[in-house]
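The values are calculated or read from the model by the stated rules, or taken from the named source; none is laboratory data. Just so we're clear, the structure is a prediction, and the values are computed from it rather than from any experiment. All Cβ positions, even for glycine, are placed from backbone atoms using ideal geometry, and neighbour counts span all protein chains on display. Note: accessible area is taken over every heavy atom of the protein model, side chains too, but ligands, DNA and RNA are not part of it. Shrake-Rupley method; radii C 1.70, N 1.55, O 1.52, S 1.80 Å.
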Amino acid sequence: MASTQVSNEINVGLNGVGRIGKCLLMQMTKDPRFRIRAINCSSLSAHQYADYLSYDSSHKFAVRLGLQRVEVLSPTRIRIITDHSTNDVTLFSSRDPAELPWRSAGAEYLLDATGAFLNQTKCAKHDVNRVVMTAPPEDPGDSDDLTSTFIYGVNHDKYAGQNIVSASSCTTNCMAPILNLVHNSFGVKSANFTTIHSTTGSQHVVDVLGSKSRTHRSILNNIIPHKTGASKSVYAVIPSLEGKIFGTSIRVPTINCSLLDCNVCTNDDSTTLADVVDRVRKSEFFNTVYHVNTKMLTSCDFLTTDTPCILDATASMDMGPGNLKLMLWYDNEWSYSAQCLRLVAHMHKFDVLQACNNVTAPFKLSSRNNLNSVTINGDSKVVARLDFDVPVDSKGKITDDFLIKSALPTIEHILSKRPKRLVLVCHFGRPSGVDKTKTVAFLIPVLQKLLNREVNFLKDGCSASTVSELDAAATSGAFTHIFLSENIRFHKGETSHEENSELSKTYAKLGDVFVADCFGCVHRSHMSICHPNNTAYGMLIEKEISASDLILRNNGDRILCIMGGSKIADKQPMIHVLSKMNNTRIFVGGGLTKDWSKNFPITPKNVVVAKDAYGSATSKDSDSTYIPNLSKLDQSSESGLSGFDIGPVGLRELMNEIDKASTIFWNGSLGVVEEANYSKGSRIVVDYLLNYCKEKTVVIGGGQTASLFAGQSASASHLHLSTGGGALLGHIHSQILKEKKLLPGLVNFEEK
């Protein structure tokens, strides 16, 4: 049950929907802070929830107030729609916690309202970050790991991140606040109480066999003396009162709402009822934890109140110097549930702040490793690892030279220092050995044209013969200054990198100053990318890290992340992490919408998924069909249709999200852009970002998305095109998570 990153919304699982569970559920649907992720109940089917949540003998119209409808999405999923929120809820039906995947359903806090998990050992079996028992704990007497008890308004501020806690009982949530207030104001010498408690679900309508207590007798026509553990529970939250509180309970034939008769003897003999009433009214928790009644009301008038400690000033009395009889009403269902939710909300607030405080300083490039800080002179032999993995067509012609042009500032800076030589190292494709179809020789004329200099080709790549060739060129006077080494991936030791390997040793002999500027590859643990001799990062890496900082270090501005592409498996971890960032919205389109519900059974609250598309049987078809509802399409395999471009409804939703954002991060196209028929939606977004978002910051996450801006971004100062979508995603992902892990190619360059 290790703690993980905490979402900004309160993601809750509910175990049990009896009297307390039902009240918790109904209150959470009316509080937009809470997101109900999953419910476990073995006695309710999906179709029964609508009626169960619409009718109640105690709370009547209160449960229906604001409830619009309950939709059955599947036998294991329902959608609860109220005036305040919409919750898509996964339904479980098991008594075995091992069969309850709370965490995968999105729950971070579990409210256990079953009464079956009342100690640390049992609660720890739940796969969730935090568990709140809705009853006093029953830890074994010899246990070293006792459950902490917290009552909102009494000691909730003592919560320190415990995984498993108790919200105590309804009676304790009434009595502890008033005793705490009196004790802090006047001192409590002693107190005794009787709680006149409504019947509960454990009692019987007719007499049954039993002898352990009098609750085996019918509740319908009896007043039944009963025991209570409220004294012990008060000691758990106000230790200074231990040994001073004594009490009992009486069960009466009403279905809800109870009355606490509490006699208090204070240390201050001058204390009067008026003094207590005055302190209650002035309490910071007045109208939440405390309230005062001055009317001639009865128990049913306090039904469905959410204040657990209502002092009845007309029924209470002074009984001599410092002696008071305090009569306190509490709805033992509704107000207690409200207290449980206040406690969870406080825990969540604490956990969020704690997570923020625990986050280590964000990644920062070391100024010592900046290209400007590294000495390069006429005697230097520079090796630069760059990313020239450019796209080519079937004839081998480069279709987009963005990667090469992005490396030019670093190359030109190095050349301006006039080193003895410069060796450019790169890869092309993913060969697992020598593969002449993947040679980088075709880059020679491209580089010569861009640099306006001669570039020689080192056909043997990173090898002893190449080292000899370089040395011979330097000594013979035939040195041509710039070299391009053959595809580094022709050497198997590149991808299966081991320190001090023969390839690594040979690489070290290529020069004496090593520069890395291949941002698109820094997420790979390859020899040339992670070589210990890489002492300087180039201008491209510096530019890319600055762009990521626009997302990671925003000043509370709203961020929109547009996630597209074809492989949801690649984007799922990133979407999950981004959904937890402050002030972030995520728009999901492209191929990610296919089978979205299978990968995300519950859509995060700040995620918008494109609902419609244009499509056909295959992306090659010239005629397209409008698909108004992609979710229905995913559920049917008979239509023969697939969505290949974002539809007009989704496009309007996306434009609205762009308008509201200050920073936009786009990774992955919104359609099959290789086909002109299905690139229209993505190109509309490109035009909008280029021409109508100049006051915003726009970061484009490399690859196919960046290619959509080819030739159009030069004058767009508000736009950053990344050279590595996967690397950029990986860097952002690693920085958001508490458990930070630097990308391999950046380790050498971190500010220590």
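Among the candidates ARG453, ARG524, ARG558, which residue alone is among the charged types (D, E, K, R), open to solvent by 20 Å² or more (accessible area, probe 1.4 Å) and closer than 30 Å to LYS660 by Cβ?
ARG558
Show me the helices (runs of 4 or more DSSP H) entirely contained within the range 644-752 in which 2 or more residues are at pLDDT 90 or above and farther than 27 Å from LEU540 by Cα.
648-660, 680-691
For a quick check of your reading of the model, give me the residue pairs whose first member lies in the range 122-133 and is among the aliphatic types (A, V, I, L, M), whose second is surrounded by fewer than 21 Cβ atoms within 10 Å (Cβ to Cβ), with beta-carbon atoms closer than 6 Å and at least 6 apart or on different chains.
ALA124/MET1; VAL128/ARG103; MET133/LEU118
Could you tell me whether the range 633-640 includes any residue that is modelled with pLDDT of 90 or more and open to solvent by less than 40 Å² (accessible area, probe 1.4 Å)?
Scanning the range 633-640, I find no residue that is modelled with pLDDT of 90 or more and open to solvent by less than 40 Å² (accessible area, probe 1.4 Å), so the answer is no.
With ARG558, ARG524 as the choices, which residue is more than 26 Å from GLU653 (Cα to Cα) and modelled with pLDDT under 95?
Result: ARG524 is the single residue among ARG558, ARG524 that is more than 26 Å from GLU653 (Cα to Cα) and modelled with pLDDT under 95.
Got a sec? Which strands (runs of 3 or more DSSP E) wholly within the range 115-198 have at least 2 residues that are touching a Lys or Arg at 6+ places or on another chain (Cβ under 9 Å) and among the polar types (S, T, N, Q)?
Ranges flagged: 188-198.
Restrict the check to the range 609-625 and report whether at least one residue is surrounded by fewer than 22 Cβ atoms within 10 Å (Cβ to Cβ), within 26 Å of the chain's Cα centre (by Cα) and of a type outside the set (Phe, Trp, Tyr).
yes
Name the one entry in SER43, SER58, SER94 that is open to solvent by less than 60 Å² (accessible area, probe 1.4 Å), more than 21 Å from TYR109 (Cα to Cα) and either out of contact with any His (no Cβ under 6 Å at 6 or more places or on another chain) or of a type in the set (Gly, Ala, Ser) (or both).
From the options SER43, SER58, SER94, the qualifying one is SER58.
Does the range 350-364 include one or more residues that are surrounded by 17 or more Cβ atoms within 10 Å (Cβ to Cβ), among the aromatic types (Phe, Trp, Tyr), within 18 Å of GLY153 (Cα to Cα) and in contact (Cβ under 8 Å) with a residue 40 or more places away in the chain?
For the range 350-364, residues surrounded by 17 or more Cβ atoms within 10 Å (Cβ to Cβ), among the aromatic types (Phe, Trp, Tyr), within 18 Å of GLY153 (Cα to Cα) and in contact (Cβ under 8 Å) with a residue 40 or more places away in the chain: absent.
Are there any pairs, at least 6 apart or on different chains, whose C-beta atoms fall under 8 Å, with the first in the range 459-474 and modelled with pLDDT of 90 or more and open to solvent by 20 Å² or more (accessible area, probe 1.4 Å) and the second among the hydrophobic types (A, V, I, L, M, F, W, C) and not in a loop (DSSP other than H, G, I, E, B), and if so, which?
Going by the 8 Å Cβ cut-off, the qualifying pairs are GLU469/LEU458.
Any idea which of ASN119, ASN87, ASN129 is buried (at least 18 other Cβ atoms within 10 Å of the Cβ) and modelled with pLDDT under 90?
Testing whether each residue is buried (at least 18 other Cβ atoms within 10 Å of the Cβ) and modelled with pLDDT under 90 leaves just ASN129.
Pick out the one residue from LEU100, LEU67 that is surrounded by 16 or more Cβ atoms within 10 Å (Cβ to Cβ), closer than 18 Å to GLU333 by Cβ and either among the aliphatic types (A, V, I, L, M) or within 26 Å of the chain's Cα centre (by Cα) (or both).
Result: LEU67 is the single residue among LEU100, LEU67 that is surrounded by 16 or more Cβ atoms within 10 Å (Cβ to Cβ), closer than 18 Å to GLU333 by Cβ and either among the aliphatic types (A, V, I, L, M) or within 26 Å of the chain's Cα centre (by Cα) (or both).
Quick one: would you say ILE219 is within 26 Å of CYS23 (Cα to Cα), touching a Pro at 6+ places or on another chain (Cβ under 8 Å) and free of Cβ contacts under 8 Å to residues at least 60 places away in the same chain?
yes
Give me the residue from the range 415-427 that is touching a strand residue (DSSP E or B) at 6+ places or on another chain (Cβ under 7 Å) and surrounded by fewer than 24 Cβ atoms within 10 Å (Cβ to Cβ) and, out of that set, nearest to ASN377 (Cα to Cα).
Here the answer is PRO419.
Name the residue that is surrounded by the most Cβ atoms within 10 Å (Cβ to Cβ), counting only residues in the range 482-512 that are small (Gly, Ala, Ser) and farther than 27 Å from THR437 by Cβ.
GLY511
Which one of PRO321, PRO225, PRO308 is without any contact (Cβ under 8 Å) to a residue 60 or more places away in the chain and open to solvent by less than 80 Å² (accessible area, probe 1.4 Å)?
When all the criteria are applied, what remains is PRO225.
Can you tell me which residue in the range 579-602 is surrounded by the most Cβ atoms within 10 Å (Cβ to Cβ), limited to those that are among the basic types (Lys, Arg) and either modelled with pLDDT under 80 or over 16 Å from the mean Cα position of the chain (by Cα) (or both)?
LYS580
Condition check: surrounded by fewer than 19 Cβ atoms within 10 Å (Cβ to Cβ), free of Cβ contacts under 8 Å to residues at least 24 places away in the same chain and in contact with a helix residue (DSSP H, G or I) (Cβ under 6 Å, 6 or more places away or on another chain). Does GLY243 satisfy that?
For GLY243, the condition - surrounded by fewer than 19 Cβ atoms within 10 Å (Cβ to Cβ), free of Cβ contacts under 8 Å to residues at least 24 places away in the same chain and in contact with a helix residue (DSSP H, G or I) (Cβ under 6 Å, 6 or more places away or on another chain) - is not met.
Residues being of a type in the set (Gly, Ala, Ser) and farther than 30 Å from ALA107 by Cβ: count how many of those fall in the range 537-565.
Going through the range 537-565 one residue at a time, the tally reaches 4.
Report the residue count in the range 477-521 for those that are at pLDDT below 90 and over 20 Å from PHE428 (Cα atoms).
8
Within the range 188-198, is there a residue that is open to solvent by 10 Å² or more (accessible area, probe 1.4 Å) and at pLDDT below 95?
no
Condition check: small (Gly, Ala, Ser), touching a residue at least 12 places away in the same chain (Cβ under 8 Å), surrounded by fewer than 23 Cβ atoms within 10 Å (Cβ to Cβ) and over 22 Å from ARG33 (Cβ atoms). Does SER406 satisfy that?
no
Scan the range 374-388 residue by residue and report those that are open to solvent by less than 40 Å² (accessible area, probe 1.4 Å) and either part of a loop (DSSP other than H, G, I, E, B) or over 19 Å from GLU454 (Cβ atoms) (or both).
VAL374, ILE376, SER380, ARG385, LEU386, ASP387, PHE388
Taking ALA160 as meeting all but one of (1) open to solvent by 50 Å² or more (accessible area, probe 1.4 Å); (2) over 28 Å from the mean Cα position of the chain (by Cα), write down the number of the exception.
(2)
Scan the range 389-433 for residues that are at pLDDT below 95, part of a loop (DSSP other than H, G, I, E, B) and among the hydrophobic types (A, V, I, L, M, F, W, C) and jot them down.
Scanning the range 389-433 gives a single hit, VAL390.
Just to verify a result, which residue in the range 279-305, among those that are assigned to a strand (DSSP E or B) and among the aromatic types (Phe, Trp, Tyr), is surrounded by the most Cβ atoms within 10 Å (Cβ to Cβ)?
Restricting to residues being assigned to a strand (DSSP E or B) and among the aromatic types (Phe, Trp, Tyr), the top hit is TYR290.
Yes or no: THR172 of a type in the set (Ser, Thr, Tyr) and under 22 Å from VAL237 (Cβ atoms)?
yes
The rows are residues; the columns are (1) surrounded by 15 or more Cβ atoms within 10 Å (Cβ to Cβ); (2) over 44 Å from the mean Cα position of the chain (by Cα); (3) closer than 19 Å to PHE285 by Cβ; (4) acidic (Asp, Glu).
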residue	(1), (2), (3), (4)
CYS174	yes, no, yes, no
ASN184	no, no, yes, no
HIS204	no, yes, no, no
CYS262	yes, yes, yes, no
